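> First the structure, then my questions, so here it is.
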Amino acid sequence: MGETHNHEHNHQPPPQQAAAPPAMPLGSARGPMFPPAEQLLQLHYCIHSNPSWPQTVLLAFQHYIVMLGTTVMIATVLVPQMGGGPGDKAQVIQSLLFTSGVNTLLQTLFGTRLPTVMGPSFAYIISALSVINDLSDSNFRSEHERFKHTMRAIQGSLIVSSFINIILGYGQAWGNLTRFFSPVVITPLVCVVGLGLFGRGFPQVGDCIEIGLPMLILLVISQQYMQRVHPVAQSILERFALLLCIGFIWAFAAILTVAGAYNHVKEQTKMNCRIDHSFLLSSAPWIKVPYPFLWGTPIFRASNVFGMMGAALVSAAESTATFYAASRLAGATTPPAHVVSRSIGLQGIGQLFDGFFGAIVGTTASVENVGLLGLTRVGSRRVVQISTAFMIFFSIFVTNVSCYYLGKFGAFFAQIPLPIFAAIYCILYGIVAAIGISFIQFANKNSMRNIYVLGVSLFLGISIPQYFVMNTDIAGHGPVRTPAGWFNDILNTIFSSPPTVATIVGTVVDNTLEARHSYDDRGIPWLVPFQRRKGDSRNEEFYSYPLRINEYIPSRFL
């Protein structure tokens, strides 16, 4: 009994099995998992950091060259239809450069403070064509008189419609709208601001394939592959390959032009391929200082103003999407609602300035220049601010050095063939579209509800504008054709804009489809701190006014 007792007493309990490790997500053993990153870590220079001054100047000049493409495109489309000649086109480009430079400087100082270039917007094309069409039957002594009268009508429309953005911005209405955004809405919004511009990419490269295609291929090879050949080449090619490629292909186009390759081709081919067929260099004045009401007293017509109001709303939506993309590529956090609001209000003031100084369209945040931030990995605010000096300098043409005028230097760069710019846009627009995809990391990517909202917003954001563009004639008449012309202009302009359509569809569906039950899945907890003024400590770091200006501005405008 004793032995039995001792045996039972000394008996050890069976060893417990170790608890099974928590189940890992399917596929986690096949590779690393990457947590969400609020700021990109592979940028060389962020919003507050600056390259050396020589690099800053070169990078700033690169921003000027990139925005010049859209400026020349818009002038090329509108000025001939208004009755203007090469001299008028040169002056329009001057006005656009001057207003873009001033608006960019104001926006980087008192607007979002992000490194975004404010350039001319294609959103105003339909409204401008409507003004041109309204005056096409009028009798004028010459085509130049028709051009000046049309410019005055466009000026008046820009001035009045600018108050839409001023009221929406400084009245905080636009910022309150962005509070309905979630990462599920921001993702398609930013994506389509790049994808929606596909028509200005390879289709225009094909207008002169022997120039555009080599530019596209050379830029990819030199900027991405050749930089890995040598450490010295890496920093040069990564930041300045675009300038080097433009110079090389432009020289190639000059050789083709001089050799007579385009002497016996269609007129349209000459316009796209020759470096001397825009007549900008011969028609640009040596000295031209932009001044208010350059073309005469503005003409105010209610029918034209309503169309421009639709364009102003579209430019606000496009700028908002571009600001979100710029915040990622500049190493900043998502812009708070009050910052987006004041930037749109300032954009309205900028449009008022455009109307005063004779710009042919209003300005918006330049998508291609934001793409350039990603291409060079330099998101410095100073670089963009210095680029405004090039815009303003080349628009005034008043510098004289050693008795040699530099006045026509700006027109010289404006003669770069447009297919070269189109090849650049193929890369830059793609970067912006891709940065939009990165916002979905802050929401539940595996939620079928989120996948539905994303898919519908992306597809309709591209498909609906494509329908409106395909059914718009050369006079600007779109699919909406009611007896009220002003109503037609508003709807045709709004629904021709991919970011605007994506904003409407995404915001409505995301906030009505199981919104309360999907609060976490939508990524709202991550976004809310950035939407509030003091929700995140970094908001003040990135977006506060410079120096002590905030002490003199009412808090509701900060």
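> Give, to the nearest whole percent, the P(r) tail of the chain beyond 35 angstrom, counting all Cα pairs.
The share of Cα pairs beyond 35 Å in the chain comes to 38 percent.
> Given Cα pairs under 8 Å that are at least 6 residues apart, what percent is the relative contact order of the chain?
With pairs under 8 Å counted, the relative contact order is 30 percent.
> I've got another one for you. Quick check: with the 1.4 Å probe, what order do Val77, Val117 take by accessible area, largest first?
My answer, sorted largest first, is Val77, Val117.
> How would Met448, Met151 rank on accessible area, largest to smallest, probe 1.4 Å?
So, going from the largest accessible area down, we get Met448, Met151.
> Using just the helices of the chain, give the 222 nm mean residue ellipticity in deg cm²/dmol: DSSP H runs with n ≥ 4 each add -39,500 (n - 2.57), and the total is spread over all residues, rounded to 500.
-19500 deg cm²/dmol
> I've got another one for you. Can you tell me the 0 to 90 degree angle between the C-alpha axis of helix 143-170 and the longest principal axis of the chain, rounded to 10?
Around 30 degrees separate the two axes.
> Report, largest value first, the span of the C-alpha coordinates of region 70-138 along each principal axis, in whole Å.
45, 23, 17
> Then there's this: Report, to the nearest 10°, how far helix 381-396 tilts away from the longest principal axis of the Cα atoms in the chain, using its own Cα long axis and a range of 0 to 90°.
Here the helix axis deviates by roughly 10 degrees.
> Might you work out the accessible area of Phe459 for me, using a 1.4 Å probe with all protein chains in place, and round it to the nearest 10 Å²?
130 Å²
> Go ahead and collect, in residue order, the members of region 162-194 whose backbone nitrogen is under 18 Å from a label point 7 Å along the Cα-Cβ direction of Phe300.
162-167
> Tell me, what % of the accessible area of the chain is carbon and sulfur with a 1.4 angstrom probe?
65 percent
> Okay, moving on. Going highest first, how would you order 298-306, 328-336, 425-433 by mean Cβ packing within 10 Å?
Sorting 298-306, 328-336, 425-433 by mean packing, highest first, produces 328-336, 425-433, 298-306.
> Another question, then. Between Val117, His149, Tyr429, whose Cα lies farthest towards the positive end of the dipole of the chain when Lys and Arg beta carbons carry +1 and Asp and Glu beta carbons carry -1, centred on the Cα centre?
His149
> If Lys and Arg each add +1 and Asp and Glu each add -1, what is the summed charge of the other residues whose beta carbon sits under 13 Å from the beta carbon of Phe122?
Within the 13 Å Cβ shell, the charges total -1.
> Order Asp536, Asp520 by their accessible area, 1.4 angstrom probe, all chains in place, largest first.
Heavy-atom accessible area, descending, gives Asp520, Asp536.
> With the crude spin-label approximation of a point 7 Å out along Cα→Cβ, what separation in nm comes out for Val232 versus Phe248?
Between Val232 and Phe248, the label points sit 1.8 nm apart.
> Round to the nearest 10 and report in Å² the accessible area of Ile462, as given by a 1.4 Å probe over the protein chains' heavy atoms.
The accessible area of Ile462 comes to roughly 50 Å².
> List the aspartates and glutamates whose Cα sits under 13 Å from the Cα of Lys148, skipping any in the same chain fewer than 8 residues away.
Reachable aspartates and glutamates: Asp88.
> Continuing with this model, one more query. Run the reach check for Lys270 against aspartates and glutamates, Cα to Cα strictly under 14 Å, same-chain hits fewer than 8 apart removed. What comes back?
Asp207, Glu210
The values are calculated or read from the model by the stated rules, or taken from the named source; none is laboratory data. These figures come from a predicted structure and were not determined experimentally. Don't worry about glycine lacking a Cβ; one is built from the backbone with ideal geometry, like all the others, and counts go over all protein chains shown. Surface accessibility is based on the protein's heavy atoms, side chains included, excluding ligands, DNA and RNA. Shrake-Rupley method; radii C 1.70, N 1.55, O 1.52, S 1.80 Å.
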